[in-house]
1. Return the residues of the stretch B:179-229 that are closer than 23 Å to residue B:21 by Cα, more than 18 Å from the chain's Cα centre (by Cα) and within 14 Å of chain A (Cβ to nearest Cβ); say none if nothing qualifies.
2. Are there strands (runs of 3 or more DSSP E) fully within the stretch B:17-112 with at least 1 residues that are more than 12 Å from every other protein chain (Cβ to nearest Cβ) and touching a residue at least 12 places away in the same chain (Cβ under 8 Å)? List them.
3. Could you please give the count of residues in the stretch A:120-163 that are loosely packed, with under 15 Cβ neighbours inside 10 Å, assigned to a helix (DSSP H, G or I) and facing another protein chain (nearest Cβ under 10 Å)?
4. I'd like the full set of residues that are assigned to a loop (DSSP other than H, G, I, E, B) and surrounded by fewer than 17 Cβ atoms within 10 Å (Cβ to Cβ), limited to the stretch A:172-184.
5. Scan (1) under 20 Å from residue A:71 (Cα atoms); (2) in contact (Cβ under 8 Å) with a residue 40 or more places away in the chain for the single condition residue A:224 breaks and write down its number.
6. Looking at (1) more than 14 Å from chain B (Cβ to nearest Cβ); (2) closer than 16 Å to residue B:93 by Cα, find the lone condition where residue A:26 falls short.
7. Give the residues of the stretch A:50-66 that are part of a loop (DSSP other than H, G, I, E, B), in contact (Cβ under 8 Å) with a residue 24 or more places away in the chain, under 30 Å from residue A:216 (Cα atoms) and within 10 Å of chain B (Cβ to nearest Cβ), sorted by residue number.
8. Considering only the stretch A:384-395, state which residues are farther than 30 Å from residue B:236 by Cβ and either free of Cβ contacts under 8 Å to residues at least 12 places away in the same chain or surrounded by fewer than 22 Cβ atoms within 10 Å (Cβ to Cβ) (or both).
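The values are calculated or read from the model by the stated rules, or taken from the named source; none is laboratory data. Keep in mind it's a predicted model, so treat the numbers as computed, not measured. Here the Cβ positions follow ideal geometry from the backbone for every residue, glycine too, while neighbour counts run over all protein chains shown.
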């Protein structure tokens, strides 16, 4: 393909040694994850560090559930950016919108795979979750709103937003022309079509915002509705999940935008204005999350029941303190970096990238803190305390999923432009 | 339709844990799974130390958190009050386990047959005597479908990756027998019967003895009533816990 006279934009179809190396590394991770999952399928969840709470002294939920929440959280990014571009007309975010949408779709797929890794009967789960779905269960929302509805809405949005580029790509002679034609599905980017597309995208974006709030809240309610589980039962779980999802998602977007800016030349690369907007959004959400955490701690400390207070002490000063303080410490550093930039008005991309990575460390640590301590130490009956140490199988499956995500994005980059294609000179003629 | 309930007389219990053993044999539960668990508590300081015992079966709650959260209706409450698990519908998400404040749910981390006590296949000496028969005994009643729903709910040794818990020995109750823990207690700590029948043992005990229910403040409305005792205070210490199976 590289020998062709016409080169497709943004390296589509061009296989480079660097890309191959990345694909190789991602595929190796996927292989490791697949091997670990095979062990789990053969021997059962006995190969994980999970055990029953109570007399068995373990935690029935652990790394898998933490990463279901994490992956769903990351998905916040793409669709939010896309929706904001349409609703608030933030055109300088446009270059990163497709990368963000891909991130949303990929992370939701990874969340669904994490659910399957966690289920004791995954194949039965795929059938029974549809066949016997009970809306009364908070899980129902997770499977329908998040994994199905949210993913479906994101895919529709992604498909519609990509039709223009598919049409432009179909103008080039390439082995994937049939694919671009199929995607464009007759779309020819005429002014009327463009206008209709804008209108559709606007309403879709407007519909996606409430869906986004509901989906992330639903995941929070999986924990927040558990009255008999100290540390979980809280009205702040749902809004806390929405905000933390925003933080981890935007953190990812900052990193991706920086990579795009680094890899692509002007004028298409993401402008500084986009970074400023992302940095400010991250700063505001970070401050809201700190506020939520303080309110939660004050409520527990002042009026929490005995078990709640014991658990809070354990998290703040004892067994789980390292996780909590790593989480809050990274968030504090990120907020500090962002605040300095916001106040001085000088934004630095490396510092923003550091903040983006740090808030994702926060997100993982906080998810573990939400899921595990309430199970190992949150018993209302006087069972001894439990413990949970993930095994290599759990770690490998999660690493494999991350490899799978990277692989999906890398492959996508070679079949479709990762950024919206600028108006080509020949396009007008074809449109005629 | 009866309304089944259980009473547990704490003043009688001597902590022998015969009920735990009876439950394991009756239901073929794997190593480390205690559908019936007996707490041994120590309270206060020497020389005023007091030891007392609290058996903990599933509480078969009327407002069962496990039933509410099950995403596929595998955990359900029968009309007669038994809270059961449909082993063929359960997807193994363990939400019931985290929602239950009593810690009565046990997940099959590996195939139940591979997790019985005395793994005959691993011990050459035992194997020589048993010819590799494993598990040594399987209760045939657990493979029968019970109730109007005809769902697979009895016993434990069915599938890997599903949840299990006390069924009030549904397979015995359906035959008019008492649950195994009730029948095997040497000092008649337990009574099992119909709350709507004023002459049943449970109704009589509840009329004549002071009683409480575990974690009543959680609003779960348990069907297990504890007689002649008090709920465990935050100061009790569990002694001699049975932790078997943590790594099995």
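1. none
2. Values: elements: B:37-43, B:50-56, B:75-77, B:83-85.
Correct list: B:50-56, B:75-77, B:83-85.
3. Residues meeting the conditions: 4.
4. To start, the set of residues in the stretch A:172-184 that are assigned to a loop (DSSP other than H, G, I, E, B) comprises A:172-176.
Selection gives A:173, A:175.
5. (2)
6. (2)
7. Filtering the stretch A:50-66 down to residues part of a loop (DSSP other than H, G, I, E, B) leaves A:50-62.
When the remaining residues are screened for being in contact (Cβ under 8 Å) with a residue 24 or more places away in the chain, the result is A:50-51, A:53-62.
Remaining after also requiring under 30 Å from residue A:216 (Cα atoms): A:50-51, A:53-54, A:58-62.
A:50, A:51, A:53, A:54, A:58, A:59, A:60, A:61, listed by residue number.
8. Correct list: A:390, A:391, A:392, A:395.
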